[in-house]
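Structure first, commentary second.
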């Protein structure tokens, strides 16, 4: 155990130059008008190295910055995934770069219908996914999806 501490201490010392730790990876904000503007103090996406962290998207139309009129789970899921695709494009990526999604739904009884639409966006090698029923989502939408992509 003591030798592990010495090795760790040596590694930490080697990572410091003149008492200052090496620079943190650069964070780059990704923003596009092809997806809805953030409705709060967050970014559409943040790139750190080759990894892109995409904020949750809801069924906002980026041209009006309002909820879409069609309130069906299918229409909302399409709009959400189109919004995510637009942010990915702005970062020079596409849906094939997505490695993980988190799907928040207001009603898991609609999971099958959401899943049918979702599957059309990830035809081969779909990302890992967690799906959660939330008591309430922003603007009372039916679905919100966040993602992580790697290039």
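Values in this text are rule-based calculations from the coordinates and carry no lab data. These numbers come from a predicted model, not from an experiment. As a convention, Cβ positions derive from the backbone with ideal geometry for all residues, glycine included, and neighbour counts pool all protein chains shown.
For a footprinting-style exposure proxy, rank 96, 144 by other Cβ within 10 Å, fewest first.
Details: 96 14, 144 22.
Going from least to most buried by this count: 96, 144.
Hey, what angle do you get for helix 111-121 against the long axis of the chain, alpha-carbon based, 0 to 90 degrees rounded to 10?
70
Cα axis of helix 2-14 to longest principal axis of the chain: angle in degrees, 0 to 90, nearest 10?
80
If I stretch the segment between residue 27 and residue 135 completely, what's the gain in nm (0.36 nm per residue apart, minus their alpha carbon distance), one decimal? Walk me through the numbers before you get to the answer.
Working: separation 108, 0.36 × 108 = 38.88 nm, distance 3.22 nm.
Answer, rounded to one decimal: 35.7 nm.
Between helix 73-90 and the chain, what is the angle of the helix's C-alpha long axis to the longest principal axis, kept within 0 to 90° and rounded to the nearest 10?
For helix 73-90, the angle is close to 40 degrees.
May I ask you to order 61-73, 121-133 by the average number of other C-beta atoms within 10 Å around their residues, highest value first? Kindly include the intermediate steps, with their values, before the conclusion.
Details: 61-73: 13.8, 121-133: 12.2.
Output ranking for 61-73, 121-133: 61-73, 121-133.
Which entry is the computed semi-axes √(5λ) of the Cα gyration tensor in Å for this structure: (i) 37, 18, 15; (ii) 34, 15, 14; (iii) 24, 23, 17?
Looking at semi-axes √(5λ) of the Cα gyration tensor in Å for this model, the match is (i).
If you take every DSSP beta bridge whose two residues both sit in the chain, what share of them, in percent to the nearest 5, is antiparallel?
Working: 24 of 30 bridges.
Approximately 80 percent, going by the DSSP bridge assignments.
In nanometres, what is the gap between the two model label sites at residue 42 and residue 111, each 7 Å from Cα along Cα-to-Cβ?
2.3
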